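In what follows, a structure is listed as structure tokens, so that the remarks can point back to it.
The values are calculated or read from the model by the stated rules, or taken from the named source; none is laboratory data. These figures come from a predicted structure and were not determined experimentally. Every residue, glycine among them, receives a Cβ derived from its backbone with ideal geometry; neighbour counts consider all protein chains shown.
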């Protein structure tokens with residue numbers, strides 16, 4: 001095996017067939033000793049060494065099969081978060097992915113219908129140092145009309161509302177994360193804020209898990 005490898009590294013194309021024969025013989029000897037069974041993997045290794053030798057491709061290119069395409073793909077992962085009015089949950093999710101995504105994500109958010117920013121959500125986010133007060137709400141159809149495609153479309157509203165989310169063009173992974181709607185909370189502003197903070201923390205936690213899952 002060592003002898004065959006050295007010959008392959010130093011030989012020109014005229015010795016390619018010889019390398020195949022020597023490799024096969026070496027593998028057969030190992031197989032007969034009970035170390036492993038002869039198979040076709042070795043043949044492809046020889047192929048990659050040969051092409052590297054003549055300057056066409058590198059063995060590392062031929063042998064590397066990424067377990068997760070997002071790890072090796074230099075293109076940022078595109079994500080769209082969708083809720084009912086783009087007023088609270090999707091805005092929080094977008095802000096958290098921008099914070100924790102380490103520059104690996106391009107993020108947008110939209111609503112099934114356009115709405116207004118929830119001012120209590122704006123306040124709760126400002127308490128942890130994230131300013132979304134100047135964000136503009138938009139509807140999903142506007143995003144579709146721009147021709148944007150996304151690797152992930154994540155609905156963060158209730159499941160019934162999520163079913164109203166339209167089908168996006170292109171190859172998209174669609175996910176659903178259900179969170180309570182801040183606009184449905186009852187009570188005074190001071191009574192609503194603790195519940196909004198709980199929703200905020202739940203969304204933050206799920207976004208961090210998502211980042212770990214995609215770019216681990």
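Taking the condition in a loop (DSSP other than H, G, I, E, B) and either at pLDDT 95 or above or more than 19 Å from residue 96 (Cβ to Cβ) (or both), does residue 164 pass?
Working: in a loop (DSSP other than H, G, I, E, B): yes; either at pLDDT 95 or above or more than 19 Å from residue 96 (Cβ to Cβ) (or both): yes.
The answer is yes for residue 164.
Residue 113 meets each of the listed conditions (1) assigned to a loop (DSSP other than H, G, I, E, B); (2) touching a residue at least 40 places away in the same chain (Cβ under 8 Å) apart from (2). Filtering 139, 131, 151 for residues that are surrounded by fewer than 23 Cβ atoms within 10 Å (Cβ to Cβ), free of Cβ contacts under 8 Å to residues at least 24 places away in the same chain and either out of contact with any strand residue (DSSP E or B) (no Cβ under 6 Å at 6 or more places or on another chain) or in the same structural domain as residue 174 (by TED's automatic domain parsing) (or both) leaves a single hit, 131. Residues in region 88-110 that are surrounded by fewer than 24 Cβ atoms within 10 Å (Cβ to Cβ) and in a loop (DSSP other than H, G, I, E, B): 101, 102, 103, 104.
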